[in-house]
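What follows is a short report on a single structure.
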């Protein structure tokens, strides 16, 4: 078994030099986190090596060097980088996920390139993937990849982690390709985010765009279950905590302390990006200087900005504004002995950065939106035996964990100013206490724990899927059922109607049986060894109208009615529906667009198949709560089904209908097929050895699963010898 990590970039990048290439560490939190991952599993990494390799010879040189470290390059052209990376990924998905709606660019060529490059990554993975491998796809540049990988090799475990925020449905819906992106992600067995908020937004978007129905953190697809979870990423705590013990780091830290012994240092570390709130931060710092002249000559902001995407228009413009703002602040406040803002537009070595973390009195981390922000955690970890204060944006994923930081709204420059003053005046005892609790949290929620939790959950859902998948009605299982069918003489075949024999229709009354359904039932009924029964939740008048002319048994309204040779028998006493219950249901029909009420003799059904998923998620519990009291008084059962809420007599279920059918007769072959939660009662009531088959979604009650409703009729005809 191998662990195959797939990300846009490899953890190292190739840099062209005269006649050869040199290799250095890539920037970014993902590289930092995953590259320090400690795992015993053989690890491979697929990604772009960061260079435009002009010819096959260059590609071969790079490939051979990287393969020594189990790194597998995907070579992207300048056009790929422009349209897939700078275009769709960073001019569409990135601004959308960070709530910068006005920066979203819609170009059809960008989407074409995004699909093409995702397919290139899939083909690279195909070369090394084997059944049983774990494939871990990273981040928004590869949202189509999980499904592509599953199409190539369904026998691998596929996980996806989304490292940036996932936006609310109202923003996500602006993407013309929203359905394709969600479908791509749902190719994974496990989809994870940094926080439960992003997880909630993803579930909401999936339910509303793809008309899915999640059960807490899981959704059942045709052939498997997909789990969604929140797993906050951590760092290699010990690496940063022990960094000051490194003589080089200690030497740099000592020099910083000496050079700035009379100054308080505020540290800011970011990639160049509009989501990082750099201009808002500078505005807050300028406001701090303007309103607190007592700190002139005493406090300096060290602003480290790592170059990123300079050639994207929105980024180059941001760089210009940052340069101008810093120039303005220093022009107003600096003197011969003091520079308010020390500006570094380049990356720092690990040792230099750790020394800065260790020495800095305050870390100012104020992104406008950020998936996690590992800088905040690195600062906390590097403060070994030293005090410090973390000022953290509430819009960063890390704020959910680091509650002992000074949490601020990054859009408010006054909050930034006040937080700086509070941090500078915070007693050392309070600094120590806050730092202790944050270090305790960060030291536990490490990158290794994060990865371990992810892989453990991925294995868990994979094992569960394998168990459920073993129930899928294969050709071998069908042969087994067919052999048993042909050997027996007294057969009971119980069939649900909607979702089993007939597909669901937007309007229930439109599910009139087709000629194919009628012919299949006639074929089954023509064998005198068969007793065929349609057990449905529909009212008896409809069943009689649609199926009464065929020599089969009928059970309506979950067994409240059944048809014998003499006619229909009503198993429940006649009763008028309580007016209060009808009024409640009618109120919910009126205030829930696209819902409807079906009134039967023994059941009331509120249908919400076409209702917006989010609205349904509110209305269903509201309705059930409103019905509890009157239904309890009337001794009625409230039952959630497939896009319905049903009020019925509790003594009648599809299980009670099974008991009636088995009461006076014995059968040597029993087969039952159904698609709904109500059919689980039928499956559970049948004796061991019965052939119970769930249609569509996977079931833990049924012995077998038929994935598609459209396969039901052909399967039944094959059983009856009609095909």
- prompt: Mind checking which residues of region 518-541 are crowded, with 16+ Cβ neighbours inside 10 Å and more than 26 Å from residue 685 (Cα to Cα)?
  reply: 522, 523
- request: Inspect region 626-637 for any residue being under 37 Å from the mean Cα position of the chain (by Cα) and within 30 Å of residue 713 (Cα to Cα) and give the result as yes or no.
  value: no
task: Could you run through region 403-412 and say how many residues are crowded, with 19+ Cβ neighbours inside 10 Å and at pLDDT below 95?
output: 0
statement: Residue hits (region 400-419; assigned to a loop (DSSP other than H, G, I, E, B), under 20 Å from residue 289 (Cβ atoms) and touching a helix residue (DSSP H, G or I) at 6+ places or on another chain (Cβ under 7 Å)) are 410, 411
task: Please specify each residue of region 142-175 satisfying the condition of being more than 16 Å from the chain's Cα centre (by Cα) and part of a helix (DSSP H, G or I).
output: 148, 149, 150, 151, 152, 170, 171
task: Please verify whether region 513-524 includes one or more residues that are farther than 23 Å from residue 654 by Cα, touching a residue at least 40 places away in the same chain (Cβ under 8 Å) and in contact with a strand residue (DSSP E or B) (Cβ under 7 Å, 6 or more places away or on another chain).
output: no
task: Scan region 322-336 residue by residue and report those that are part of a helix (DSSP H, G or I) and farther than 21 Å from residue 346 by Cα.
output: 331, 332, 333
message: Suppose the filter is surrounded by 14 or more Cβ atoms within 10 Å (Cβ to Cβ) and within 30 Å of residue 157 (Cα to Cα); does residue 485 pass it?
response: no
message: With crowded, with 22+ Cβ neighbours inside 10 Å, farther than 14 Å from residue 355 by Cα, touching a strand residue (DSSP E or B) at 6+ places or on another chain (Cβ under 7 Å) and in the same structural domain as residue 372 (by TED's automatic domain parsing) as the only criterion, which of 266, 278 stands out?
response: 278
- request: Would you check if there is a residue in region 329-351 being out of contact with any strand residue (DSSP E or B) (no Cβ under 9 Å at 6 or more places or on another chain), in the same structural domain as residue 414 (by TED's automatic domain parsing), touching a residue at least 40 places away in the same chain (Cβ under 8 Å) and under 24 Å from residue 378 (Cα atoms)?
  value: yes
message: So, in region 305-321, how many residues would count as being buried (at least 17 other Cβ atoms within 10 Å of the Cβ) and part of a loop (DSSP other than H, G, I, E, B)?
response: 3
task: Considering only residues that are surrounded by fewer than 16 Cβ atoms within 10 Å (Cβ to Cβ) and modelled with pLDDT under 90, look in region 457-467 and name the one that is farthest from the chain's Cα centre (by Cα).
output: 467
field: Matching residues, region 106-139, being exposed (fewer than 15 other Cβ atoms within 10 Å of the Cβ) and farther than 29 Å from residue 452 by Cα
entry: 106, 107, 108, 109, 112, 116
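The values are calculated or read from the model by the stated rules, or taken from the named source; none is laboratory data. Computed from a prediction, not measured in an experiment: that's the story for all the values here. Glycine gets a Cβ as well: all are built from the backbone with ideal geometry, and neighbour counts include every protein chain shown.
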